[in-house]
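*Asks:* Once you've had a glance at the structure underneath, I'll fire off some questions.
The values are calculated or read from the model by the stated rules, or taken from the named source; none is laboratory data. Here the structure is a predicted model, which means the values were calculated and not measured. Cβ sites come from the backbone with ideal geometry, for glycine too, and all protein chains shown count toward neighbours. Surface accessibility is based on the protein's heavy atoms, side chains included, excluding ligands, DNA and RNA. Shrake-Rupley method; radii C 1.70, N 1.55, O 1.52, S 1.80 Å.
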Amino acid sequence: MIRVHIFCEGQTEETFVNNLLFLHFQNAGIAINPILFTTSKIGKGGISTYGKIKRQVDIKCKEDPSSYVTTLIDFYALPSDFPGKNEVPPLADSMQKVIFLESKFDSDISHKNFIPNIVLHEFEGLLFSDPTAFNRWFGEDVTAGISKIRSGFKTPEDINDSSATAPSKRILSICKNYNKISHGSSIAEKIGLERIRSECAHFNAWLNKMENIGGHTR
């Protein structure tokens, strides 16, 4: 069975991989292995510098060359030393920016078994794929607020990334008790993988790349 190691930015992404992606890819003949980025000798989750990303990805690509290695990291608050971050075309839209940075990421890692992936703009953006999914945890009264935000953008991935308007900040403005770790992947499970794929083109393209490794097509 083909193996794909997914380096995750945090526990929410790791849980998301285990709960929504593992079985899906197992059925496609692909074994998914989520790995939390190590931030210190005792800490895991979160990334402060690109150097920490590169070192861990590079080691895994070399350590298991018969497998594939990819990432699940946010465009929002991407480390300042990320390759190409200071070269992004000023008139590029968000999708173009992420594709540009993924290309630079790929070139810098330079391993044939590496698949670069940056989430547009952050994990919480995917949750806007279905505003009603928040009801189970926050009640039906939050649906209107989440829907209003969603309707202001062409896709959930277009919801922007400033410190005040990032998807997670928008959710917190409506769902005061929202917790990324305890609610994030649970809401994603409620939405379902197919709905998220249909709403989020860049996320779907990443899954397609991994599916094509195993010869599986949608």
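*Asks:* Considering Lys54, Lys62, which residue is buried (at least 16 other Cβ atoms within 10 Å of the Cβ), part of a helix (DSSP H, G or I) and modelled with pLDDT of 95 or more?
*Replies:* Details: Lys62 fails: buried (at least 16 other Cβ atoms within 10 Å of the Cβ).
After applying the criteria, what remains is Lys54.
*Asks:* Is it the case, given these coordinates, that Ile32 is open to solvent by less than 30 Å² (accessible area, probe 1.4 Å) and modelled with pLDDT of 95 or more?
*Replies:* Working: open to solvent by less than 30 Å² (accessible area, probe 1.4 Å): yes; modelled with pLDDT of 95 or more: yes.
Taking the combined requirement at face value, the residue satisfies it.
*Asks:* On to the next question. So, in the stretch 141-187, how many residues would count as being in a helix (DSSP H, G or I) and over 24 Å from Leu20 (Cβ atoms)?
*Replies:* Of the residues in that region, 6 qualify.
*Asks:* Which residue is most open to solvent (accessible area, probe 1.4 Å), if the candidates are limited to the stretch 181-195 and must be β-branched (Val, Ile, Thr) and modelled with pLDDT of 95 or more?
*Replies:* We begin by selecting, within the stretch 181-195, every residue β-branched (Val, Ile, Thr); these are 181, 187, 191.
Among the residues that remain, those that are also modelled with pLDDT of 95 or more are: 187, 191.
Values: Ile187: 0, Ile191: 18 Å².
Per the stated criteria, the residue is Ile191.
*Asks:* Criterion first (loosely packed, with under 15 Cβ neighbours inside 10 Å, in contact with a helix residue (DSSP H, G or I) (Cβ under 9 Å, 6 or more places away or on another chain) and not in a helix (DSSP H, G or I)) does Ser198 satisfy it?
*Replies:* Judged against the criteria, Ser198 is not a match.
*Asks:* Among residues belonging to the stretch 201-218 that are open to solvent by less than 50 Å² (accessible area, probe 1.4 Å) and not aliphatic (A, V, I, L, M), point out the one that is farthest from Lys154 (Cα to Cα).
*Replies:* Looking at residues that are open to solvent by less than 50 Å² (accessible area, probe 1.4 Å) and not aliphatic (A, V, I, L, M), I get Gly214.
*Asks:* Something else now. Has the stretch 188-195 got at least one residue that is without any contact (Cβ under 8 Å) to a residue 12 or more places away in the chain, in contact with a Ser or Thr (Cβ under 8 Å, 6 or more places away or on another chain) and under 20 Å from Ile32 (Cβ atoms)?
*Replies:* Within the stretch 188-195, not a single residue is without any contact (Cβ under 8 Å) to a residue 12 or more places away in the chain, in contact with a Ser or Thr (Cβ under 8 Å, 6 or more places away or on another chain) and under 20 Å from Ile32 (Cβ atoms).
*Asks:* Checking the condition within 30 Å of Ala144 (Cα to Cα) and among the hydrophobic types (A, V, I, L, M, F, W, C), which residue from Phe22, Phe16 passes?
*Replies:* Phe16
*Asks:* Return the residue satisfying two criteria in turn: it lies in the stretch 109-146 and is farther than 19 Å from Leu193 by Cα, of a type in the set (Gly, Ala, Ser) and modelled with pLDDT of 95 or more, and of such residues it is least open to solvent (accessible area, probe 1.4 Å).
*Replies:* Top of the filtered list is Gly145.
*Asks:* From the set of residues in the stretch 75-108 that are open to solvent by less than 10 Å² (accessible area, probe 1.4 Å) and not in a loop (DSSP other than H, G, I, E, B), which is farthest from Asn160 (Cα to Cα)?
*Replies:* Ranking the qualifying residues of the stretch 75-108, first place goes to Phe105.
*Asks:* Go through the stretch 48-70 and count every residue that is under 17 Å from Glu9 (Cβ atoms) and touching a residue at least 60 places away in the same chain (Cβ under 8 Å).
*Replies:* The qualifying residues number 2.
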